Every structure is written in C-alpha cells, then in structure tokens.
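Report on the structure given below.
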Amino acid sequence: METSYKNPGWNTDNSYSHLPEIFFTRLAPVPVQNPSIVILNEPLAEYLGLDPDYLKSEEGIQILAGNLLAEGFNPIAQAYAGHQFGYFTMLGDGRAILLCEQITPLKKRYDIQLKGSGRTPYSRGGDGRATLGPMLREYIISESMNALGIPTTRSLAVVSTGELVFRETILPGAILTRIADSHIRVGTFQYAAILGTADDLRALADYSIKRHFPDIIEAEKTGNKYLSLLNEVILRQASLTAKWQLTGFIHGVMNTDNMVISGETIDYGPCAFMDTYEPKTVFSSIDTFGRYAYSNQPKIAKWNLGRFAETLQPLINKNEELAFEQIHEALSGFDKIYNHYWLLGMREKLGIFSEEHTDKALIDDLLNLMHKYNADYTNTFRALTLDRFENTAFFDSGEFSAWHSKWKERLSSQQESEDDSRQLMKKSNPSVIPRNHRVEEALESAVRENDFSVMKQLLEVLSSPYTYDAEHDEFSRLPKATSGPYRTFCGT
Ligand code: AMP
Ligand code: MG
C-alpha cells in the first residue's frame, strides 16, 4: 500500500524483543476482513506523537486492525504464566500482539498492543478474538480511570473487524489498541522463574529495572538492586490498590498475570465500580467464593506481590534463608504503605489537611454508617462535598447527624478555611464514575443499534470526573432499583 502520510509520527523501538527468546514468539496479527474505526482517542494519539488523521485514514485503520505493519514494527506475542484464582497456569498473549514501543515527543516509552488480533501459540483453546462490547467497555473504563487520576493502561482505538465471533451468541468482532507503560506482569516473572534459566530471570529483572526504575541503577551500585526492584513494585501496587479502594473500583480478576510491575491497572474484564457501600461486593460471575471482593483487594495485591517476591529470591540472595528474611521485611512494608496512602486519601475526601490520631475512627464511623444504611459510596462523598443532603434514611438519621457534627468540629479545628476544605474535597471526590447502568446503556446502543452517541456523551462526562455542574449532576444519578446484583463477565 502506498503511504499517503509522509510523517504519521511513528518513532518506534522494540527493546522487549532483545530479551532471550523464551519470553516471546515473533508473529504478526491475523488479518481481518473488513475493518472500520469505531472510536479513536485523538488526544491520546497526539500525546503519543501520532497524527490522528493518519490513524483515521485507510492506512491507519489497516494498522489498527493488524492487517498492515508500519515500518519499525516488530510484532510479538509475549509469554507469561500466572496464578488464576490461586491456581498456577501457563498463559501468554492468547489474543494480543505487541506491535512496537512508541517513543513519544516527551521521550516516554509505551507499548502499543492490539487485543483481539487472532490466535497465537499461547491461545490454548481460544479463537484469539475479542468482541465489540467488551472492547468498548475496556475503552470507557480505562479512559475513565485515567481521568480519575488512577494509573492505568489506556485505549487508543477500537476497530470493528467486519467478522463475527462465536460466543454464547454470535457477536461482532473488534480489536482494541492498548497503550501501556509495559506489559511486564508478575506472571512474566513467574514464567521466567519456572521455565527460564537463571540468566533469563536476571535478564528480565535487569530489563524491568532499566525500563521502569532506572534510578535504582544509580543508587544501587553497591547495594541489592533486585531487593530495590521488589520494594519499588510493592510501593506502586500499594499506592494503586489504595486508589482503587478510595474510588470504589473493583478489578474483579486480580490474577498474577493481570498485575503489571509498572503499577498500572490492567485487564479490564469483569471490573466495575461499587454503587452501594458493601465491602463484600463481587461483580464477576466466575468469582464464586469472593476471592476478589472489594474488601479483599489489598490482601490479594499483597498475596500477588508474595508470588513476585518468590521469583526474585535467587537474585536477592543466594542464601535462601537470608533472602526470605529480606523478602519478608519488604512485604511487611506493603501494609504500612497501603494504610498511609489510604488514610491520606480518605482525609482528603473529607477535606482534612492535618493529621489527628482520631481521624481513622472518624473515617471508620462514616464507613460503618454507610454500610448500615446501604448508602451509595460515591454519592455520599459527593453530598458531603456539596453540603447538600437528599432525604434518605441515612442522611435523615440521628446517627448521621451526630457524625456530621463531629466531622464539622474536626474541620473547624484546622487552620484552613471551610472553603479550602471544599476545594480539597472537590479534587478528591469524583462527581461521576462510570456507573454500571450508564456503561451498559452506552454499550447497548453501540453494539445493538450502531449508535455511538450515547457512549461519546458518557466518555465526555467521564473525562472530567471532578467537575461539579448540572450535566455531571445528571450522570451521578443512581439506577432505578433492580431485581438482582450487577454481574460482569470476563474473557469475551
Ligand atoms: P484474561 O482473563 O483476559 O486475563 O485472559 C487470560 C488468558 O486467556 C490470557 O492468556 C489471554 O490471552 C487468554 N485469552 C482470553 N481470551 C482469549 C481468546 N478469545 N482466545 C485466546 N486466548 C484468550
Ligand atoms: Mg489477562
């Protein structure tokens, strides 16, 4: 095909493919019949240094569909393993291809990956494909997470393939272009530790340090850089999990292959945001025992980090006993870091600038009342931010009014004005989140009726979640009471 764009903006590298060969298989995406663009994230394209008009052109669409490779691409499927619901499995990109790494105008490096791009040697029984609904769902939720300020992979585009995909029903096929700091998972380290040689494992660890934590190299010329790697990943994951808890985000499938060492949220399968505050909330239809319930997320993150730490043991210290002592100490830091970020975030949500030892009890009292009265998580903080309370059993209760007085007393004990507190709360409490009923409504119109306007309006509102205006008011409304709990399905 003739290149119509002189400078589409590609500035590629393929550093991952210089790792030992066990880490990947070289192969191109499987072409699709009749691709067309469903949605393109123009601001993200520009940030990456890519020309949005080029991506929307015939050539761009062929690239986003995996039918054409741009110069400088070196496509691979990555190998990894993982604990899925606690059980170890060999995995790998069964329906994804890493096209290249793009170096942005600001000199940041991102993986550009197609998801739904056809079978690979890691597909096991799967068809390597993805369907339109779940890819648009990933687009909406990942972009919303980014706007909320939560580290996440991002979505550059969704193309429909013009092909049908066979699931429980026949569905339209689609491919998502996913952008990530990298796709190095805890499961990639598990794969290296089990299938690789000592040199393979070291190569992966050194590569990860160079790519994500270059400061370690300078600081650790004489120290233990692999222990530092562990500590850095613990720090990022503890901070990330705290952000999930603070916004009521439930990942739904926190398997070790779905946890990346860069600390971004990845793999939007059965995830969803909690409406009513209920710590036991589970959305995923396959999470029968509630392993990945809201309140379990910090524990599971720590468990996954334990699996990560085990893989690093031979690098941290050849003496097993000493290595385990060092690892144990590092892992025990998780709780401290997590609690620090969580408490800090909760104080901000309540407009508190200073630290008092009674703050934790004040926060817990509020959460307990929210639980008792089945209050909506996001909208409770929204009401506190606006100082506007609807007539609900919760807000009308004497218990809430007693709590409210204690809280106001706490606020007036600080030097900052009430207005300062309100500004802090507005920055810390989203006025809108991707409510399940809104996401479903947008997907329904898109997939069933080919009408993308509902989704685009939702994306627009979600792009400024900390704005408090009439339109955001409308999108903060709760769904009408439904008959059963919301359920999400993954891997579709
Ligand atoms: P996930 O639950 O999306 O994290 O996927 C778990 C594993 O299953 C990964 O190795 C995926 O690549 C693989 N997988 C999911 N869906 C498919 C599919 N349709 N075809 C092939 N592999 C798949
Ligand atoms: Mg996955």
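The values are calculated or read from the model by the stated rules, or taken from the named source; none is laboratory data. Note that the coordinates shown come from a computational prediction; the quantities given were computed from them, not determined experimentally. Note that we place each Cβ from the backbone using ideal geometry, even for glycine, and neighbour counts take in every protein chain shown.
Ala77 meets all of the listed conditions (1) out of contact with any helix residue (DSSP H, G or I) (no Cβ under 8 Å at 6 or more places or on another chain); (2) more than 9 Å from ligand 1 (Cβ to nearest atom); (3) not in a loop (DSSP other than H, G, I, E, B) but one, namely (2). Only residues that are in a loop (DSSP other than H, G, I, E, B) and crowded, with 17+ Cβ neighbours inside 10 Å were counted in the stretch 31-50, giving 5.
Of all the listed residues (Glu444, Glu399), the sole one being modelled with pLDDT of 95 or more, over 22 Å from the mean Cα position of the chain (by Cα) and more than 23 Å from Thr276 (Cα to Cα) is Glu444. Residue-level check: of (1) within 16 Å of ligand 1 (Cβ to nearest atom); (2) over 11 Å from the mean Cα position of the chain (by Cα); (3) not in a helix (DSSP H, G or I), Pro279 misses just (1). If you scan the stretch 240-276, which residues turn out to be farther than 19 Å from Ile150 by Cβ and surrounded by fewer than 23 Cβ atoms within 10 Å (Cβ to Cβ)? Thr276, the sole residue that qualifies.
How many residues are β-branched (Val, Ile, Thr) and surrounded by fewer than 20 Cβ atoms within 10 Å (Cβ to Cβ) if we restrict to the stretch 301-319? Residues flagged as β-branched (Val, Ile, Thr) and surrounded by fewer than 20 Cβ atoms within 10 Å (Cβ to Cβ) within the stretch 301-319 amount to 0.
Counting the residues of the stretch 116-164 that are touching a helix residue (DSSP H, G or I) at 6+ places or on another chain (Cβ under 8 Å) and of a type in the set (Lys, Arg) gives 2. Scanning the stretch 275-306 for residues that are within 16 Å of ligand 2 (Cβ to nearest atom) and touching a strand residue (DSSP E or B) at 6+ places or on another chain (Cβ under 6 Å) turns up just one, Ser284.
Close Cβ contacts (under 9 Å, 6 or more residues apart or on different chains) running from residues in the stretch 109-129 that are over 9 Å from Ile97 (Cα atoms) to residues that are among the aromatic types (Phe, Trp, Tyr) and buried (at least 20 other Cβ atoms within 10 Å of the Cβ) comprise Asp111/Tyr16; Tyr122/Tyr80. I'd like to know if the stretch 259-274 contains one or more residues that are β-branched (Val, Ile, Thr), assigned to a strand (DSSP E or B), within 16 Å of ligand 2 (Cβ to nearest atom) and in contact (Cβ under 8 Å) with a residue 60 or more places away in the chain. Checking the stretch 259-274: at least one residue is β-branched (Val, Ile, Thr), assigned to a strand (DSSP E or B), within 16 Å of ligand 2 (Cβ to nearest atom) and in contact (Cβ under 8 Å) with a residue 60 or more places away in the chain. Every listed requirement among (1) of a type outside the set (Ser, Thr, Tyr); (2) within 11 Å of ligand 1 (Cβ to nearest atom); (3) in a loop (DSSP other than H, G, I, E, B) is met by Leu68 save one, (2).
For every residue, the table says whether it meets (1) within 27 Å of Leu458 (Cα to Cα); (2) under 23 Å from the mean Cα position of the chain (by Cα); (3) of a type in the set (Gly, Ala, Ser).
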residue	(1), (2), (3)
Ala45	yes, yes, yes
Glu59	no, no, no
Glu71	no, no, no
Leu91	no, yes, no
Tyr110	yes, yes, no
Thr120	no, no, no
Arg137	yes, yes, no
Met145	yes, yes, no
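Applying the selection to the stretch 106-143, what residues are within 30 Å of Ser464 (Cβ to Cβ), buried (at least 23 other Cβ atoms within 10 Å of the Cβ), out of contact with any Leu (no Cβ under 8 Å at 6 or more places or on another chain) and of a type outside the set (Gly, Ala, Ser)? Within the stretch 106-143, just Pro134 meets the criteria. All told, Asn317 meets the bar of being out of contact with any Leu (no Cβ under 7 Å at 6 or more places or on another chain) and within 22 Å of Ile209 (Cβ to Cβ). Looking across the stretch 360-375, the residues that are touching a helix residue (DSSP H, G or I) at 6+ places or on another chain (Cβ under 8 Å) and farther than 12 Å from Ser397 by Cβ come down to Lys360, Leu362, Ile363, Asp365, Leu366. The single condition among (1) β-branched (Val, Ile, Thr); (2) surrounded by 18 or more Cβ atoms within 10 Å (Cβ to Cβ); (3) in a helix (DSSP H, G or I) that Ile217 does not meet is (2). Candidates Ser401, Ser464: the one that is of a type outside the set (A, V, I, L, M) and either over 17 Å from Ser142 (Cα atoms) or buried (at least 16 other Cβ atoms within 10 Å of the Cβ) (or both) is Ser401. In this structure, does Pro485 turn out to be out of contact with any Leu (no Cβ under 9 Å at 6 or more places or on another chain) and either closer than 30 Å to Gly125 by Cβ or within 16 Å of ligand 1 (Cβ to nearest atom) (or both)? For Pro485, the condition - out of contact with any Leu (no Cβ under 9 Å at 6 or more places or on another chain) and either closer than 30 Å to Gly125 by Cβ or within 16 Å of ligand 1 (Cβ to nearest atom) (or both) - is met.
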